[in-house]
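Below is one structure, written out as structure tokens; the observations come after it.
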Amino acid sequence: MSIAYRPEIDGLRALAVSSVLFSHAKFEVFSGGFVGVDIFFVISGFLITSILLRDHAAGNFSFFDFYVKRMRRLLPALFVVLFFCFLFSYAFLPVERLRDFARTPITVVLFFSNFHFMGQGGYFDLGDKFQPLLHTWSLGIEEQFYIVYPIFFVLLLAWSRRALVTGLIIVFVASIVLAQYLSAVDARVNYFLPFTRAWELAAGCLLATVSTALLGRVPRIWREAAALSGADAIGESVALLTPELAYPSFWTLIPVAGTVLVLAMADGQTLVGKLLSMRPLVFLGLVSYSLYLWHQPGFVYSGFVFGAENISHLGYAALILLCVLLATGTYILVETPVRRRRFARGAPQLVAVCVSAALVFVVSSRLTIIYGKQALPFRSAAVTDMDTRLRRNFGVSTDCGRLPGGAEYCRTSPTPTIAVWGDSHARHAAGAVLAANPDASIIQFSGSGCPALLDLASARRGADWARNCLAFNRSVMDWLDNNETVEHVVLASALLDFKRGQQVLNGEDSVTRSDSRMIASGLTGLVDWIRARDMEPFLYSFTPTNGINIGYCYYRIALFGREPTHCDMDTEDMLRSAGDRIEIFKAASAGVNSLYLPDLLCSETGCGMMPGGTFLYNDGHHLSYEGAAHVGKASDLYKRVKGEITAPR
């Protein structure tokens, strides 16, 4: 007994994947296109439950066969895309970005990439970074659902169908309540956690358990109205929801309810069903899985080659067309043959999957261990040279983000007179001081993503992470309290995680929304704390940024023949990117010796990113080793810190 094919479901898939693609392509009308993933979740819950109910009723359900079919459906196309990503990444990526990338495929094939990305930041923050496999977070949740749900289904259905429905209702309610709670407490965890997405899958599961005969008794006029309402809810969600909303949360009920209404009421007799069954939409729905797989690496790698800021809407439309062609080829040549072939108990498929997974493991592991190597086999000399010049700048040592015990590894003498303290920008600030005076006696405290502020930490990565940041800063304060040689303290922080309205954790362990006055107060409070201990504070500002990865821009100059001015910043773009940080720095630096880097590196017309052929940055906002040396020497930073120079520049 087979489940009747419903072309309108493929049409719905087409709408879902199109929403995601056009949202990632920065089409403003698709600001809420990320809800396409929610549509997929509901469809998955509906179809998987329908399959399980059919097999259970026929008495031929097998866990083994179920999992083999899911592997046949998901893994072959996924491995094709992973192979492409490996080839491109190895050929062109900076060595450190290559190492970062190499960790991801392992999590993808083990079905927990959502947890991997959860540990790196919020989804909408990561979306602006180089993450060719970021979209696999949703595959991780679906695969976790495939592993757990059949067991849940069989156990409850063995009791009764009512027990299954009751269990799904409990999951639905508990999950959406958890999502709403975490949306206010920890948006990063909330987005990636399977427990806060389970209710979306459960919505589809519940729909599948409802008798089709019961739905069939709904009058035609009400079916039409319900289907139209569902389609409208999906359209409104795609057009009106924004990343600024807490998500998933009660807001997510809109696209989920809309999808449920379309699945339940739209058939070949309704207007919505007829529209969704149009051949172009059905075709796009059939290739939607491969299209979803291809689009993220396609967009990211194109952004690396051409510069994402240089890709117009027309350019993204061309990329989408290319992804459709790749998806069509993958569907015809990979997906369809693997799914239609019949093998005894699926053992050969399992062997093939295991071998493929093993290859991914081996290659990923090999790439992961190349930390610090600058000459990789089969990479061009130009890439190798860029790897050397644009390697990550750790300042004095890689260990300077540890709690007090690591301090001895981060000093240039046993009795340092200058402490450089802040987030990862303190690393290149320390390098700049040493470039101005190689004999400088300094100690470096640099907690990545943890700026030097009094009793304030960003909660963007979660409350626990913020507490660790507060503990790190307090440990530095304790160290300074017990030290007798430090005379000057350089505070160097980018403050990138403190945009207006973002979540912060204060010293009273409560989460609140940030504003410029609060952050300026945290910085000036620390300045006062330093002065109260007879040390002189020095403020080292954020670097000029414009939202573009300048390090990748240098690679484009070296590898693809771009002009040296290709990476220069427009002053207005720089000021727009700086936002509230200008106001914060100006307020905190009043009466304090400081270096304002935009004044040093920019003019009224723009910011030159290659002064004298120097590669200033190694990414979007961190100075490279040679960039830090340029800043240190051009500003005579050591003398400024010591108070021997107090001019504005």
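Structure summary
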read-out	value
Residue that is in a loop (DSSP other than H, G, I, E, B), without any contact (Cβ under 8 Å) to a residue 60 or more places away in the chain and either in contact with a Phe, Trp or Tyr (Cβ under 9 Å, 6 or more places away or on another chain) or open to solvent by 10 Å² or more (accessible area, probe 1.4 Å) (or both), where the choices are V218, V177, V171	V218
Neighbours by Cβ (under 9 Å, 6+ apart or cross-chain): first from segment 375-393, modelled with pLDDT of 80 or more and assigned to a loop (DSSP other than H, G, I, E, B); second among the β-branched types (V, I, T) and open to solvent by 40 Å² or more (accessible area, probe 1.4 Å)	R392/T398
Residue check for V154: under 24 Å from V37 (Cβ atoms) and within 36 Å of the chain's Cα centre (by Cα)	no
Among residues of segment 453-489, those that are crowded, with 20+ Cβ neighbours inside 10 Å and among the small types (G, A, S), counted	5
Residue match in segment 518-534 (condition: under 23 Å from L575 (Cβ atoms) and loosely packed, with under 13 Cβ neighbours inside 10 Å)	no
Residue selected from segment 544-581 under the condition among the acidic types (D, E) and surrounded by 16 or more Cβ atoms within 10 Å (Cβ to Cβ), by the criterion nearest to I519 (Cα to Cα)	D580
Where F153 falls short, out of the listed (1) surrounded by fewer than 14 Cβ atoms within 10 Å (Cβ to Cβ); (2) closer than 23 Å to A58 by Cβ; (3) of a type outside the set (D, E); (4) in contact (Cβ under 8 Å) with a residue 24 or more places away in the chain	(1)
Positions within segment 598-649 being assigned to a loop (DSSP other than H, G, I, E, B), in contact with a helix residue (DSSP H, G or I) (Cβ under 7 Å, 6 or more places away or on another chain), touching a residue at least 24 places away in the same chain (Cβ under 8 Å) and open to solvent by 30 Å² or more (accessible area, probe 1.4 Å), in sequence order	E604, T605, M610, D619, H622, D636, P648, R649
Residues of segment 184-208 classified as more than 21 Å from E244 (Cα to Cα) and buried (at least 23 other Cβ atoms within 10 Å of the Cβ), total	7
Lone unmet requirement of (1) out of contact with any Gly (no Cβ under 6 Å at 6 or more places or on another chain); (2) within 19 Å of Y247 (Cα to Cα); (3) open to solvent by less than 20 Å² (accessible area, probe 1.4 Å) for A25	(2)
Yes/no for F22 being closer than 20 Å to Q144 by Cβ and at pLDDT 95 or above	no
Residue ID - surrounded by the fewest Cβ atoms within 10 Å (Cβ to Cβ), chosen from residues in segment 224-243 that are part of a helix (DSSP H, G or I) and either touching a Ser or Thr at 6+ places or on another chain (Cβ under 6 Å) or aromatic (F, W, Y) (or both)	E224
Filter result for the condition that a residue is of a type in the set (S, T, N, Q) and free of Cβ contacts under 8 Å to residues at least 60 places away in the same chain, over S277, S229, S249	S229
Test result for L595, more than 24 Å from D387 (Cβ to Cβ), in contact with a Ser or Thr (Cβ under 6 Å, 6 or more places away or on another chain) and open to solvent by less than 30 Å² (accessible area, probe 1.4 Å)	yes
Test: residue in segment 426-438 that is of a type in the set (V, I, T) and under 18 Å from F538 (Cα atoms)	yes
Within segment 28-51, considering residues that are open to solvent by 30 Å² or more (accessible area, probe 1.4 Å) and of a type in the set (A, V, I, L, M), the one farthest from L139 (Cα to Cα)	V29
Residues of segment 248-270 classified as part of a loop (DSSP other than H, G, I, E, B) and open to solvent by less than 10 Å² (accessible area, probe 1.4 Å), total	4
Among (1) over 14 Å from V238 (Cβ atoms); (2) in a helix (DSSP H, G or I); (3) open to solvent by 40 Å² or more (accessible area, probe 1.4 Å) - the single one F61 does not satisfy	(2)
Residue satisfying all of: in segment 396-412; assigned to a loop (DSSP other than H, G, I, E, B) and at pLDDT below 90; surrounded by the most Cβ atoms within 10 Å (Cβ to Cβ) among these	C400
Any hit, segment 107-122, residues being more than 19 Å from the chain's Cα centre (by Cα) and open to solvent by 20 Å² or more (accessible area, probe 1.4 Å)	no
Of all residues making up segment 425-452, the number that are in a loop (DSSP other than H, G, I, E, B), of a type in the set (G, A, S), on the phi < 0 side of the Ramachandran plot and open to solvent by 10 Å² or more (accessible area, probe 1.4 Å)	2
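Matching residues to (1) touching an Asp or Glu at 6+ places or on another chain (Cβ under 8 Å); (2) over 17 Å from C450 (Cα atoms); (3) outside any loop (DSSP other than H, G, I, E, B):
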site	(1), (2), (3)
A471	no, no, yes
M477	no, no, yes
L480	no, yes, yes
L505	no, no, yes
M518	no, no, yes
G522	yes, no, yes
D534	no, yes, no
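The values are calculated or read from the model by the stated rules, or taken from the named source; none is laboratory data. This one's a predicted model, so the numbers in the text were calculated from it and none came from an experiment. When we count neighbours, we look across all protein chains shown, and the Cβ atoms used for this are built from the backbone with ideal geometry, even at glycine. When the accessible area is computed, the model is the full protein with side chains, heavy atoms only, and any ligands, DNA or RNA have been set aside. Shrake-Rupley method; radii C 1.70, N 1.55, O 1.52, S 1.80 Å.
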